Structure formats: C-alpha cells, structure tokens
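These notes concern the structure reproduced below.
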Amino acid sequence: MQTSEGMPHRVAAAVGDYGERMAERYLRDQGLEILARNWRCALGEIDIVARDGGCLVVCEVKTRRGVAFGGPIQAVTLRKLARLRRLAAAWLHEREGDAAGSHFPDVRVDVVGVARPRSGPCVIEHLVGVA
C-alpha cells in the first residue's frame, strides 16, 4: 500500500514517527511540557499535546523528506486546523475535573514542520498560535 505521495505506508509511518520525535524534543527544548503524544478519540488524533505555562498547546506535526509536494507546513489545511480546535475541546472535556485537564485559561494550535533531507540534520519550523 502506498500513500498519496507515492511512498510505501511503512516508510511514511517511519518518517512521521521520526518527525514527531524531533518535534517533541524541539518543544521540550523550548520549555514546553509534553502531556501526550498521538492522543486519539472518535474525532481524530492530536500529534502532541503540551503545556506552555498556563496555555494548552495542541500541536500538529508534519514531516517531509523532500519539497516535491511542498514544504511540511504547507500540508496543514484550514480544515485540519478546524479539526484540531475540536480535538482540543475533546481533550479538555475528557479531562474535566482532573489535574491534567484543568486550569487552562488559554488554548492554542501550533504547527511544527520537520524537513528531513537525505543527509544532514533535520530542519524544524515552528508556527505558534496558527488557529
């Protein structure tokens, strides 16, 4: 089975997992506390849920090995951002009353793009508060 970009699904999954690990490390280095990775519910999946001070951060991670289909950030659509807002509400609702889900006066959606060239280090782009 192949993805829409023509690579085998297992390769795409490995590239995505690599990107999520690099994004998680980057966000930790930026001072965010990672609360969950690959959180799922009936509405979909959040790649990374984090805390930035008093702000809940729902983070979409896109990883690309090349730019033939555009950069990683370009792959995040308005429709996806709207879904992430709904997923943030679902995450908070699921945790109503527990310490992990309470006391978030602010919620934001970030996007982390990870470009993984064939050689050399990855390049990370972090867009804060896109939705």
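The values are calculated or read from the model by the stated rules, or taken from the named source; none is laboratory data. All figures in this text were calculated on a predicted structure; none of them were measured in a lab. Here Cβ is always computed from backbone atoms with ideal geometry, including for glycine, and neighbour counts include all displayed protein chains.
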#### Entry: Flag if Thr77 is crowded, with 16+ Cβ neighbours inside 10 Å and of a type in the set (S, T, N, Q)
no
### Task
Report, by residue number, each residue of region 10-49 that is among the acidic types (Asp, Glu) and over 22 Å from Ala75 (Cβ atoms).
Asp29, Glu33
## Note on the structure
Log entry, pairs with first residue in region 28-55 being on the phi < 0 side of the Ramachandran plot and free of Cβ contacts under 8 Å to residues at least 40 places away in the same chain, second being surrounded by fewer than 15 Cβ atoms within 10 Å (Cβ to Cβ) and part of a helix (DSSP H, G or I), beta carbons closer than 7 Å, six or more apart or on different chains, reads Ile34/Arg28
### Message
I'm trying to understand the selection: among the residues of region 37-54, which are touching a Gly at 6+ places or on another chain (Cβ under 9 Å) and either more than 17 Å from Leu92 (Cα to Cα) or part of a strand (DSSP E or B) (or both)?
### Response
Asp47, Asp52
### Summary
How many residues of region 47-57 are over 17 Å from Ala13 (Cβ atoms) and surrounded by 13 or more Cβ atoms within 10 Å (Cβ to Cβ)? The answer is 7
### Query
Listed residues Arg116, Arg40; which is charged (D, E, K, R) and under 14 Å from the mean Cα position of the chain (by Cα)?
Arg40
#### Entry: Test result for Gly113, surrounded by 14 or more Cβ atoms within 10 Å (Cβ to Cβ), small (Gly, Ala, Ser) and in a loop (DSSP other than H, G, I, E, B)
no
### Task
Check Arg65, Arg51 and return the single one that is at pLDDT 95 or above and either among the basic types (Lys, Arg) or within 15 Å of the chain's Cα centre (by Cα) (or both).
Arg51
### Query
Out of curiosity, is Arg40 within 15 Å of Ile124 (Cα to Cα) and loosely packed, with under 15 Cβ neighbours inside 10 Å?
no
